[in-house]
Ligand SMILES: [Zn+2]
């Protein structure tokens, strides 16, 4: 099972952000996911491409000059830097730019080949003038604004199935007529203040595969009533039962089914789909790596012609 030669994914894990000992962010997952994808023969190594750095002018489609400048030069207030959750460094700047650049490249590639993904990102907690929850710049918001500006897209669908509600996406994208944001997430999870998405589906703690997938089928059925130019899919794997920051109880099979159903929805309707990796905080990290791998197994099983 190998992806067709034309399907490309993007990585930026050469920007290995140095973190203090014991930091809870699983930085190593990015390299491990990339390695696992090639070792499992799901994606050819030559099809995993280095994410380009996003241009400042693209990032400024969403973010304020003041905020960009502070991230560029490391002059953010200590309090605001702590909210992001990473210490500032040159590497943090480049990693954040590459994370957006990788998603923009995945969007371009999806428009040509039907599907593509970025092996990082899904930074849905980032706002125009601030970041939080390990999110510096908002990749999905930059991509959506660029598609509206450059391609005049009028029907952009954001499907966000990370266990955390995309408060940044909701704040930036929901007011835009051209974008429809759907978020299914843990009701009692971070962020505790959740600005409204176009459609929020909050789930109770310990939600099972069965209830989760029933909700998803209902969502997809409703979404099938409209036509879409592209789907931007935040495929965070933190709804997994083993996740230490999630509060839901999905199994690996349930998560695979989730991704398969979203991808099948896109493929059957010829809607290009670009994937962002999203969250995943299992201990040990192996569960997270396996779950991200399964997302791309679903891609391979549907798009491998
Ligand atoms: Zn998350």
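Throughout, read-outs are computed from the coordinates displayed, never taken from laboratory work. Fair warning: this is a prediction, and the values are worked out from it, not measured in the lab. Cβ sites come from the backbone with ideal geometry, for glycine too, and all protein chains shown count toward neighbours.
Structure values in brief
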| read-out | value |
| --- | --- |
| Pairwise label distance in nanometres, residue 65 with residue 41, each label 7 Å out on the Cα-Cβ vector | 5.5 |
| Theoretical ellipticity at 222 nm over the chain - DSSP helices of four or more residues, -39500 (n - 2.57) apiece, nearest 500 | -13000 deg cm²/dmol |
| Cα Rg, Dmax, the chain, angstrom units | 17.5, 51 |
| At q = 0.23 Å⁻¹, base-10 log of I(q)/I(0) for the stretch 147-224 (Debye sum, equal scatterers on each alpha carbon) | -1.06 |
| Among 273, 112, 230, residue whose mean-square fluctuation peaks in a GNM of the chain (springs only between Cα atoms under 10 Å) | 112 |
| Computed E for residue 77/residue 199 - FRET, C-beta separation, R0 41 angstrom, nearest 0.05 | 0.75 |
| The stretch 26-303, relative contact order in percent, only Cα pairs under 8 angstrom and at least six apart counted | 20 |
| Calculated SAXS-style log₁₀ I(q)/I(0) at q = 0.20 Å⁻¹ - the stretch 1-158, Debye, Cα scatterers | -1.28 |
| Cα→Cβ-extended label distance, 7 Å offset, between residue 55 and residue 269, nm | 3.1 |
| Choice from 155, 118, 41 with maximal GNM fluctuation in the chain (Cα, 10 Å cutoff) | 41 |
| Candidates 209, 286, 243: whichever shows maximal mean-square fluctuation once the chain is modelled as a Gaussian network with Cα springs under 10 Å | 286 |
| Packing-based exposure ordering (other Cβ within 10 Å, fewest first) of 148, 7 | 148, 7 |
| For the stretch 179-218 versus the stretch 2-79, the gap between their alpha-carbon centres in whole angstrom | 26 |
| Antiparallel bridge percentage (DSSP; both residues within the chain; nearest 5) | 10 |
| Highest-first arrangement of 78-88, 156-166, where packing means the average Cβ count within 10 Å | 156-166, 78-88 |
| All-pairs alpha carbon distance profile, the stretch 186-278, 5 Å steps from 0, percent | 3, 12, 22, 25, 21, 12, 5, 0 |
